[in-house]
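The values are calculated or read from the model by the stated rules, or taken from the named source; none is laboratory data. Small disclaimer: the values here were computed from a predicted structure and weren't measured. Backbone-built Cβ (ideal geometry, glycine too); neighbour counts: all protein chains shown. Just the protein is used for accessible areas: all its heavy atoms, side chains included, with ligands, DNA and RNA removed. Shrake-Rupley method; radii C 1.70, N 1.55, O 1.52, S 1.80 Å.
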Amino acid sequence: MKSSSFALAKDALSSLRDLLPIIIVIGVFQVFVVKQPVSGFASLILGGLLVVFGLAFFIYGLKMALFPIGEALAHALAKKGSIFWLFAFAFVLGFGTTIAEPALLAVAAEASEVAVDAGVIAATEEARSNYALGLRLVVALSVGVALLIGVFRIVSSWSLPVMIIGGYILVILATTIAPAEIVGVAYDSGGVTTSTVTVPLVTALGVGLASSLKGRNPMLDGFGLIAFASLTPILFVLLYGIVLAWT
């Protein structure tokens, strides 16, 4: 119990240290540039404390549950020797974590509003909902495919730089023919998929799998899945925009 409390307190101090530069920058601009009194100072202090403790609990939870679960499942599936179930787990993990990603929910909702303003879709609630859902499904599907590719790379020991460079060449080609209004959304989709829910489990999967396979180095082969999870959403959303424009 004492060790758990100590670890949680350590994570809280670490979170405060990480947030301190942001607090200092905002404070300096508020005092020397904006030069206006801060309204709701007590609320700001309370909100800041909640952020610090929220990050501390989140980091502690990752160490306690998500990382061990991801690594344990990767170990178990690798020892089972079934490529099918390993690939199936990777795809479902990528799809499931991404579809529930809070950042993706926010971006998809905002993108649907902008699409209405741009005249891309009708100004109805159904059109907005369908557009946002379609975007979320495409991004989630892309991350599932990304983990399939990443797991295949670990198993087959393919070159990560070559695969990433080849992927971004495809992104550049797709950008040249995609509708202008989807390009920004596509590139932002690559960032929102690597957020609070997705990253811990994906990293644990890669490290756990590389640790379980003979001849694989967890440092060299266990990482790189996040790069695929950032790349494929850009490409898939660009293709999604191209298909929508054609239809």
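I'd like to check which helices (runs of 4 or more DSSP H) are fully inside the stretch 10-106 and have at least 3 residues that are more than 30 Å from GLY150 (Cα to Cα).
Result: 41-61.
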Discussion item. If I go through the stretch 87-113 residue by residue, how many of them are open to solvent by 40 Å² or more (accessible area, probe 1.4 Å) and modelled with pLDDT under 80?
Written reply: 2
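Over 17 Å from SER230 (Cβ atoms), surrounded by fewer than 13 Cβ atoms within 10 Å (Cβ to Cβ) and modelled with pLDDT under 85: is that true of GLY61 in this structure?
The answer is no for GLY61.
Regarding VAL237, is this residue buried (at least 21 other Cβ atoms within 10 Å of the Cβ), assigned to a helix (DSSP H, G or I) and at pLDDT below 90?
Criteria not met by VAL237.
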Worksheet entry | ILE169, sole failed condition from (1) within 23 Å of GLY222 (Cβ to Cβ); (2) without any contact (Cβ under 8 Å) to a residue 40 or more places away in the chain | (1)
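Scan the stretch 125-135 and give yes if some residue there is under 18 Å from PHE89 (Cα atoms) and surrounded by 17 or more Cβ atoms within 10 Å (Cβ to Cβ), otherwise no.
no
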Fill in: Condition met for VAL116 (in a helix (DSSP H, G or I) and under 25 Å from VAL183 (Cα atoms))
yes
